[in-house]
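Novice: Handing you a structure now.
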Amino acid sequence: MKISESKYKQCLYFTSGALARKVEKLAAESWKKLDLSPSHAYLLMLVLGEPGMQPGVLSDELQLSPSTVTRLIEKLETKKLVVRTTEGKLTNVYPTPKAKEMHDTLKLCVNEFYEKYAAILGKEESAKFVRNMNKVTDQLEI
């Protein structure tokens, strides 16, 4: 059944959840080749782009709770992709050489994901939709 045919088609909660599940599935396909979830991959790309990032900054950037970011970091540590260091009260996250080797493939996965949804929605509509989602998400700041 299409969401537009659902009894809950006018419910923001239901519709946004259905969209999130579909986008997650599409994104997961793009990251499967690296054996990473999209959340792990985006966190890793942030750390590759700015080695030494603190978990709080990662949490803000990814719009995830600190405990979720901690779990993501722990998983990346077990895969030998990041290391944490403590300097006084500060914790910093650094990419490992193994993660650095993956950098180009990570970029390819981002592009592949974009190409998949842009092929479905159209490039212009995709950009407009993402801008609108950002606007709405910022308005719903709780």
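Taken together, the values in this text are just the output of simple stated rules run on the coordinates, not laboratory data. Model, not experiment: these values are computed from the prediction. FYI the Cβ positions are ideal-geometry reconstructions off the backbone, even for glycines, and counts take in every protein chain you see.
Novice: When the range 1-33 is examined, which residues are found to be among the aliphatic types (A, V, I, L, M) and within 24 Å of Leu44 (Cβ to Cβ)? Spell out the reasoning first.
Specialist: Pass one, the range 1-33, residues among the aliphatic types (A, V, I, L, M): 1, 3, 12, 18-20, 23, 26-28.
The answer is Ala20, Val23, Leu26, Ala27, Ala28.
Novice: Continuing with this model, one more query. Only one of Ala41, Ala99, Ala118, Ala127 is small (Gly, Ala, Ser), within 23 Å of Arg21 (Cα to Cα) and touching a residue at least 24 places away in the same chain (Cβ under 8 Å). Can you tell me which?
Specialist: Exactly one of Ala41, Ala99, Ala118, Ala127 is small (Gly, Ala, Ser), within 23 Å of Arg21 (Cα to Cα) and touching a residue at least 24 places away in the same chain (Cβ under 8 Å), namely Ala41.
Novice: In the range 80-106, how many residues are of a type in the set (Asp, Glu) and either in contact with a Phe, Trp or Tyr (Cβ under 9 Å, 6 or more places away or on another chain) or within 18 Å of Lys33 (Cβ to Cβ) (or both)?
Specialist: 2
Novice: Looking at this structure, is Ala18 in contact (Cβ under 8 Å) with a residue 24 or more places away in the chain, of a type outside the set (D, E, K, R) and assigned to a helix (DSSP H, G or I)?
Specialist: Numbers: in contact (Cβ under 8 Å) with a residue 24 or more places away in the chain: no; of a type outside the set (D, E, K, R): yes; assigned to a helix (DSSP H, G or I): yes.
Spelling it out, it is not the case that Ala18 is in contact (Cβ under 8 Å) with a residue 24 or more places away in the chain, of a type outside the set (D, E, K, R) and assigned to a helix (DSSP H, G or I).
Novice: Then there's this: Output the residues belonging to the range 20-78 that are buried (at least 20 other Cβ atoms within 10 Å of the Cβ) and over 19 Å from Asn92 (Cβ atoms).
Specialist: Selection gives Ala27, Ser30, Trp31, Leu36, Ala41.
Novice: Further question: Among the residues of the range 77-86, is any within 22 Å of Ile142 (Cβ to Cβ) and either assigned to a helix (DSSP H, G or I) or free of Cβ contacts under 8 Å to residues at least 12 places away in the same chain (or both)?
Specialist: Within the range 77-86, the first condition is being within 22 Å of Ile142 (Cβ to Cβ), and the residues that meet it are none.
Within the range 77-86, none of the residues are within 22 Å of Ile142 (Cβ to Cβ) and either assigned to a helix (DSSP H, G or I) or free of Cβ contacts under 8 Å to residues at least 12 places away in the same chain (or both).
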